[in-house]
Amino acid sequence: MHLYFLTHHKRSAIMYYRSELPQRIINRIGLARADTVTWQDLGLTPNERIKNMMNSSALLFYTAGGKHLIEFIKQLRKHPIEDLGAGRFAFPPAILEDCDDNTHYVNPLNPAFGWLGTRNYDGTVLKPGETLWIVKEDGEKFPIWEDGKAGFNVRENVKKIRSLDTSYRNAQGVSFATARLKDYYTRALGLKNTYHFPNSVLFEDYPDIRTLKTRGQVRVLWQGGDSHYGDWYSLRPVLKPLTKRFPEVRWLIWGAVFPFVHKEIPEGQLVIEDWLPYDAYKIRLATLDFDFAVAPLVPNIFNEAKSAIKFYEAAALPRPRCVLAARTPPYSDEIVDGETGMLYGDLAEFESKFEALVRDRALRERLAANAKDWLAENRLASKTVPKYFEWISETIAAWQKLKRKLHVN
């Protein structure tokens, strides 16, 4: 069996979890031959690509749409099998697509809203010409997205979402990063063949780099990009009082630094780390010298379909760390409160559990060790990928059976 993993992104967390990791495991344990390819590798024209792919069993790729891709998928679906003689046949590859975000409900505070946004804050569909507003700290109302301005176009975004949906419907199967995401798209699009392949870890990918511990400090990590503004902002009311109550705390901000942070956290208790290309991500994570992480998340349809990746990565380190996370999916689906991490439902509970983690090193270490044990049992790539491969194999077999039947008839 020969699988092609199509890459159309630069190396990123998405490509690592959804393409690179499964490919590595499939090759490592000899399940099949799995190669990474680009469109250019496959050929310059649709006919060239089809010809070059006739020696493969499946083409797997992360969320993609567009007129040309959909037409190409349709061509592959219609392409007949080739009789090679002596009972041997060449089949067009099965198309398997992968998804890790609910693109139907991108939040307006997410920069991706500019090219995928189609709904208001409350989930209602935007109308052409509609403007989305945000209220600034001084009470002034400010337009955040205006249809037809600065590249934001509601009609075009609706077309993009429909294109993505069409590519899912035309695939022989679609895999999803979370069970909630799988259930949503199965219902919304009527998909027949879906699979939950969770983001998974390889402990060997997290380097064991020993650093000097900063004595007398408890370092708390928050990491994220611009899309997490609303999540991080939800903790603003408690940042100043907690920081004042615990002078030993250092807030380690890795990624986007929003202006409100400087107003709530004194410079002497604030450590800012610039974001890095993904190739350096795990090395930097291993050297950040943090004691635990916080993972605030605002409940909404988009966030509920996310993966609990911050929980995984903190626990996957050679010296695992625990996470204090919002009591909302995905964290509430996977973290056992008080056993593999801490969950909070409101700011009072956040303050209480934050204090417990700051004061009790043994508690932090117990939670972190339990979290790593949970990962080893439930999210280790050597365990999740073979099951994913079984689904891939079953999908390929069903596709080839159908094509053979059509060939005979």
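Annotations
The rows are residues; the columns are (1) in contact (Cβ under 8 Å) with a residue 12 or more places away in the chain; (2) in contact with an Asp or Glu (Cβ under 7 Å, 6 or more places away or on another chain).
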{"site": "Gly85", "(1), (2)": "no, no"}
{"site": "Leu96", "(1), (2)": "yes, no"}
{"site": "Asp101", "(1), (2)": "yes, no"}
{"site": "Tyr105", "(1), (2)": "yes, no"}
{"site": "Thr131", "(1), (2)": "yes, yes"}
{"site": "Phe142", "(1), (2)": "no, no"}
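- Residues of region 1-37 satisfying the condition of being part of a strand (DSSP E or B) and either touching a Pro at 6+ places or on another chain (Cβ under 9 Å) or in the same structural domain as Ala280 (by TED's automatic domain parsing) (or both): His2, Leu3, Tyr4, Phe5, Ala34
- Verdict on Glu339 being surrounded by 14 or more Cβ atoms within 10 Å (Cβ to Cβ), charged (D, E, K, R) and over 30 Å from Pro80 (Cβ atoms): no
- Some residue of region 143-162 being closer than 15 Å to Leu191 by Cβ, hydrophobic (A, V, I, L, M, F, W, C), modelled with pLDDT under 95 and out of contact with any Cys (no Cβ under 9 Å at 6 or more places or on another chain): no
A quick yes/no check of all residues on (1) surrounded by fewer than 17 Cβ atoms within 10 Å (Cβ to Cβ); (2) free of Cβ contacts under 8 Å to residues at least 60 places away in the same chain; (3) outside the structural domain of Ala177 (by TED's automatic domain parsing):
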{"residue": "Lys244", "(1), (2), (3)": "yes, yes, yes"}
{"residue": "Ile253", "(1), (2), (3)": "no, yes, yes"}
{"residue": "Val257", "(1), (2), (3)": "yes, yes, yes"}
{"residue": "Ile265", "(1), (2), (3)": "no, yes, yes"}
{"residue": "Leu276", "(1), (2), (3)": "yes, yes, yes"}
{"residue": "Asp279", "(1), (2), (3)": "yes, no, yes"}
{"residue": "Leu288", "(1), (2), (3)": "no, no, yes"}
{"residue": "Asn303", "(1), (2), (3)": "no, no, yes"}
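- Residue ID - nearest to Gln75 (Cα to Cα), chosen from residues in region 169-182 that are surrounded by 20 or more Cβ atoms within 10 Å (Cβ to Cβ) and not β-branched (Val, Ile, Thr): Ala171
- Close contacts from region 31-50, counting a first residue that is in contact (Cβ under 8 Å) with a residue 12 or more places away in the chain and a second that is among the basic types (Lys, Arg) and assigned to a helix (DSSP H, G or I), with Cβ to Cβ under 6 Å and a gap of 6+ residues or different chains, come to Leu42/Arg49.
The values are calculated or read from the model by the stated rules, or taken from the named source; none is laboratory data. Values in this document were obtained by computation on a predicted structure and should not be read as measured data. Positions of Cβ are backbone-derived with ideal geometry, glycine not excepted, and every protein chain shown enters the neighbour counts.
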